[in-house]
Amino acid sequence: METIILRGQSKINSSLILKLAKQLNFTAKKLSLEEVEDTGIAVSILEGINSGSLNENEKQDFLMLLKQS
């Protein structure tokens, strides 16, 4: 499985890319700004855990802080 994330400024071009993706049998979804931010946070947490910079307890503490704000 391959994942591609594209970001553009033009709604018309974004719609064209989504249409093409579906024609090529790709699963395509337009993400909200909140979904993009959540994904970025999740990737950062995983990178922190994998690099050893963040342990499981720190991850849980960080997620609890996010839920409170």
| task | Could you pull out the pairs from LYS29/LYS59; LYS22/LYS67; LYS11/LYS59 whose alpha carbons sit more than 32 Å apart here? | result | LYS22/LYS67; LYS11/LYS59
| query | With θ set to phi - 60° and the Karplus curve 6.51 cos²θ - 1.76 cosθ + 1.60, what are the ³J(HN,Hα) couplings of the range 10-19 in order, to the nearest whole Hz, using x for Gly and Pro? | reply | 9, 5, 5, 5, 4, 4, 5, 5, 4, 5
| Taking the structure as given and computing Rg and Dmax of the Cα atoms in Å, which label from [x] 25.5, 76; [y] 16.3, 44; [z] 16.9, 46 fits? | [y]
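Could you give the size of the charge dipole of the chain about its Cα centre, using +1 on the Cβ of each K and R and -1 on the Cβ of each D and E, expressed in debye and rounded to the nearest 20?
The dipole of the chain has a size of about 600 debye.
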| note | If one compares the long axis through the Cα atoms of helix 33-51 with the longest principal axis of the Cα atoms of the chain, the angle in degrees, nearest 10, works out at 50
| Inter-site label distance for GLU34 and SER15 at 7 Å from Cα along Cβ, in nm | 2.5
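Every number in this text was worked out from the coordinates using simple rules, so none of it is lab data. What you see is a predicted model; the values in this text were computed from it and never measured. Here the Cβ is made from the backbone with ideal geometry for all residues, glycine too, and neighbour counts use every protein chain on show.
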